[in-house]
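Read-outs: derived from the displayed coordinates by stated rules, not from any lab. As the structure is a prediction and not an experimental result, all values here were calculated from the model. As a convention, Cβ positions derive from the backbone with ideal geometry for all residues, glycine included, and neighbour counts pool all protein chains shown.
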Amino acid sequence: MTSSLSGFPPALIRRLVIKIGSALLVDPDGRVRDAWLRTLVDDIAARKQAGQQIIVVSSGAIALGARRLKLPKGGRGSLEDAQAAAATGQIALSQCWASLLQDKGITAAQMLVTLEDLEHRRRYLNASATLERLMALDVVPVVNENDSVATAEIRFGDNDRLAARIGQAARADAVVLLSDVDGLYTANPHVDADAMLIERIERIDARIAGMADGGSASGMGSGGMTSKIEAARIATGAGAHLAIISGKVDAPLSHWEQGGRGSIFIAAPAKRARKGWLAGRLTVRGRITVDAGAERALGKGNSLLPAGVSRVEGFFARGDVVDILAEDGRVIARGLSEYDSEQAARIAGKRSEDIAILLGELPRSVLVHRDHMAMV
């Protein structure tokens, strides 16, 4: 029941990821909201004392660095400004977290990651192993995107999705996003007085996705409700619950646990680790559209045969990740292609005997094997 999950109590949630956005951690003048942050650290200390393992995903580096460097537009006027602000602000951010946690007798660790660290399978496993070891050592990892080297092409773009991917890598039981609103509403509550809070979401369908507002209310962060729903897709697909709650109150975790409002996206049955990694990826190399018969076959757990493919798009090599689309454009699966894009386009719609004649051999009978594919 939602009521039993409210607050994500330590008795039910062993490992929790907490994401804090820039607008909550840094005031409009570029200073840390120290008094508020101390109440959150009190929450974290109480949960650790109760046996819950905590991972923090913290924004704020660019906002802090922009003030110190006196950069316009909060450091987001250009890629170069954002990278310089991040490099400067990250020191201040990590020192702040380390100091406040140390006051509670808690050791902090810093982890800076890029999109590629979690999209590349071996690097993802390395990150997962590091998080696991830090948990075993009773440390609180403080994670942020390495914005000092990230570019528009290779970055998460918001820490909501980063938090979900970190939750997946850490095998967390739940992720909580501290937000400027206290959950998912039927419409934007800032502009629609009749908007209603949705407290429990069992399935993210078109109706739920359509309620998202992509804007960032503060103008300081990079996410909005759209990014939070995308994060919920990743987290729930990996078997973790995800909650959106208000961070505009002191001690936000305690406030929620004591009856504060929020929205909980209920976890789906956890996928096998490799398939969960595939489903949670944010970058793909190509798109393969299939006919209705192939869609039904994939839904039954079968591999993707070339005969069911109607279109191949993009440039990819064998082993690259591709999206598999239904005829109406819906992404229904994601997997590793057994052929490169040129060969995949040549054999699309062909049966095995025809492929052997066309290529001079039949190196592999499937285009995407079911063991290397995750339904989404």
Subject >> Segment LEU12-HIS190, extension gain: residue separation times 0.36 nm, minus the distance between their alpha carbons >> reply: 60.8 nm
Original post:
Of the listed peptides 332-344, 113-125, what is their order by residue-averaged count of other C-beta atoms within 10 Å, with the highest listed first?
Top reply: 332-344, 113-125
Subject >> Bridge type composition, the chain - antiparallel percent by DSSP, nearest 5 >> reply: 40
Original post:
So how strong a dipole does segment 284-375 carry about its Cα centre when Lys and Arg Cβ are +1 and Asp and Glu Cβ are -1, to the nearest 20 debye?
Top reply: 180
Original post:
Once the other residues with Cβ under 9 Å from the Cβ of PHE316 are scored (Lys, Arg +1; Asp, Glu -1), what is the net sum?
Top reply: 0
Original post:
So how many Lys-Lys pairs in the chain land under 20 Å Cα to Cα, not counting same-chain pairs under 8 apart?
Top reply: 8
Original post:
To the nearest 10 degrees, how steeply does helix 79-103 sit against the main Cα axis of the chain, on a 0 to 90 scale?
Top reply: 60
Subject >> 11 Å cut-off, amide nitrogen to a point 7 angstrom out along ARG287 Cα→Cβ, residues in segment 295-321 >> reply: 312-314
Original post:
Just how far, in whole angstrom, is segment 1-70 from segment 239-311 if you go by their alpha carbon centroids?
Top reply: 24
Original post:
What do you get when you divide the Cα radius of gyration of segment 284-375 by 2.2 N^0.38 Å, with N the number of residues?
Top reply: 0.95
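Evaluate the charge dipole of the chain about its Cα centre and quote only its size in Debye, nearest 20, assuming +1 on the Cβ of each Lys and Arg and -1 on the Cβ of each Asp and Glu.
That gives a dipole near 780 debye.
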Original post:
Which trypsin sites (Lys or Arg not before Pro) does segment 39-115 hold that lie in a coil by DSSP with at most 12 other beta carbons within 10 Å?
Top reply: LYS70
